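Before any comments, here is the structure.
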Amino acid sequence: MAKIQWRPEVNVLTVPQSYKIRFVPRDSAGTDDLAVAMNEENSNYSVEDVKTMLALQERVAQKKLLSGDQVTIDGMLTIGFSFTGRLDSPDDPLPPVDESLHVNVRVLQPFLREIRQQARFEKLPMIEKGPVIDSVEDTRLHLADVLYSKGVLDLGGTNLSFDPEEEGNECVLEGVGSGRKVQAQFGPITDSGVVLVPDIPNQNEPWKNEYTLSISTRPTGHGSPHTGTYRRRLRSVLKITDLSGETGAGILSNSAADAPYVTLNGGEVGADEMLRVQAVFDIRNDWLLLSLLGMTEDGPAGETVTVTADGEYTLLGFAGSAMSSLTVNVADYAALLDLVRDQYYGRIVDVLDVRVGGE
């Protein structure tokens with residue numbers, strides 16, 4: 001029997017550095033492959049018979065679900081529904097189904113237990129072709145994955161050493177929406193680290209603050225460069241000069257989108273301040289939690305606010321903050337949820353540079 005393949009990969013979310021276990025599929029078995037395998041297990045049914053039964057099972061399961069039933073394939077899995085969304089009154093109708101209705105598949109314990117008992121594994125080597133950027137920190141704000149025009153970036157990883165004067169060797173900051181700049185101001189450059197003063201390219205909207213960071217090296221001096229791109233997107237500091245809601249400054253958004261997912265809609269602040277706003281995916285309840293934070297990871301934080309749908313939400317400040325409240329408008333909850341859950345590993349944070357007197 002073939003073994004289940006896996007390989008270790010760097011987990012960029014942990015300090016000190018750890019490694020996650022990545023399943024490496026040998027192939028993808030579709031309906032045709034399943035039909036052939038089932039025919040080999042029981043030749044009383046032809047391949048075409050099995051394909052017909054598999055298609056029929058899909059249609060019947062869908063009809064049962066649409067009739068309000070939960071579907072269980074004995075000993076294997078259960079299929080059912082879940083909902084997300086907020087109702088202001090128990091008499092409110094359901095939100096649009098595209099935003100609220102989800103189909104959940106749960107593997108049953110007998111099936112999982114049998115697989116665990118029979119599983120055999122094969123470890124594959126790590127893939128490290130060229131530079132690997134494991135971590136990025138702004139040394140002035142002491143925050144990971146933040147771009148600050150007045151700061152210095154400290155990159156950690158492996159195979160990072162390069163000569164920026166040599167052709168094909170470069171470090172690039174590129175906006176997710178637009179803009180690209182080859183970096184030119186460096187401190188020490190070694191295999192395990194690079195220090196640079198970021199030259200941040202402008203994007204076509206002030207709320208677009210997502211960037212990718214990459215290093216390209218040509219170790220032998222010829223041939224194609226090897227490029228390593230940091231797995232996480234960097235987010236630049238957002239300067240906020242108007243909390244009235246009239247300008248609708250965007251935060252916590254995807255720079256590839258046409259409009260911000262979240263906008264500022266008012267607030268109370270007594271003095272200039274830098275603080276952070278975060279959105280966290282609550283995996284147990286399948287919704288988002290918003291809150292204001294201080295400028296250190298273990299510092300003060302405001303109360304979390306549950307967000308389950310589009311609408312206006314007020315975030316309260318924290319002890320010692322000049323900002324007592326910040327009102328935000330979630331304009332596209334579904335897109336924000338996808339962004340936080342799928343692209344930011346469950347947590348997205350923006351740094352806000354709030355200026356009371358404008359510029």
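Please treat every number below as a calculation from the coordinates, not as lab data. Everything quoted here is computed from the prediction, not taken from an experiment. For neighbour counting, all protein chains shown are included, and Cβ atoms are generated from backbone atoms with ideal geometry for every residue, glycine included.
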Hey, if you drop one equal point scatterer on each alpha-carbon of the chain and run the Debye formula without solvent, what base-10 log of I(q)/I(0) do you get at q = 0.13 Å⁻¹? -1.15
Where does helix 31-41 land angle-wise versus the long Cα axis of the chain, in degrees 0 to 90, nearest 10? 40 degrees
Pull up all non-local amide H partners of residue 231: gap of 5 or more, or a different chain, and H-to-H distance under 5 Å with H placed in the peptide plane. none
Looking at the stretch 231-312 from every direction and averaging, what is the projected area of its Cα convex hull in nm²? 7.1 nm²
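Gain in length, residue 231 to residue 121, computed as 0.36 nm per residue apart minus the alpha-carbon separation, to one decimal in nm?
Working: separation 110, 0.36 × 110 = 39.60 nm, distance 2.67 nm.
Full extension of this stretch gives 36.9 nm more.
With the cut-off at 19 Å, report for the stretch 150-228 the share of all Cα pairs above it, as a whole percent. All intermediate terms of the calculation are to be shown ahead of the outcome.
Values: 1150 of 3081 pairs.
Counting pairs separated by more than 19 Å, the tail of P(r) holds 37 percent.
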Around residue 301, with a cut-off of 15 angstrom between Cβ atoms, what is the net charge of the other residues, counting Lys and Arg +1 and Asp and Glu -1? -3
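What does the charge count around residue 322 come to, taking other residues whose C-beta lies under 9 Å from its C-beta (Lys +1, Arg +1, Asp -1, Glu -1)? Can you show the working numbers first?
Working: positive: none; negative: 272, 273.
Here the count lands on -2.
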Local electrostatic count at residue 75 - Lys and Arg +1, Asp and Glu -1, tallied over other residues with Cβ under 14 Å: 0
Relative contact order (%) - criterion: Cα under 8 Å, at least six apart; region: the chain: 12 percent
Helix-only CD estimate at 222 nm, as mean residue ellipticity for the chain, using -39500 (n - 2.57) per DSSP H run (n ≥ 4): -4000 deg cm²/dmol
Radius of gyration, Dmax [the stretch 181-337; alpha carbons; angstrom]: 18.8, 58
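Counting Lys and Arg as +1 and Asp and Glu as -1, each charge on the Cβ, what is the dipole of the chain about the Cα centre in debye, to the nearest 20? Before the final figure, lay out each step's value.
On the way: 32 positive and 53 negative charges, 223 e Å.
For the chain, the charge dipole is close to 1080 debye.
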Taking only the alpha-carbon positions of the stretch 117-166 as identical scatterers, the Debye log10 I(q)/I(0) at q = 0.19 Å⁻¹ comes out as -0.77
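Take every Cα pair under 8 Å in the stretch 42-140 that's 6+ residues apart, average their separations, divide by the length, and report that relative contact order as a whole percent.
On the way: 63 pairs, mean separation 20.1, N = 99.
This gives 20 percent for the stretch 42-140.
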Across the stretch 62-73, in residue order, what do the Karplus-derived ³J(HN,Hα) couplings come to in whole Hz, using 6.51 cos²θ - 1.76 cosθ + 1.60 with θ = phi - 60° and x for Gly and Pro? 5, 5, 5, 5, 5, 8, x, 8, 9, 9, 10, 8
Of 348, 11, 319, whose Cα points farthest to the positive end of the dipole of the chain (charges on the beta-carbon: +1 Lys, Arg; -1 Asp, Glu; origin at the Cα centre)? 11
Across 10 Å bins from the origin, how do the percents of Cα pairs in the stretch 43-151 run, short distances first? 10, 18, 20, 21, 21, 9, 2, 0
Nearest-ten-degree value, helix 109-118 long axis tilted from longest Cα axis of the chain: 90 degrees
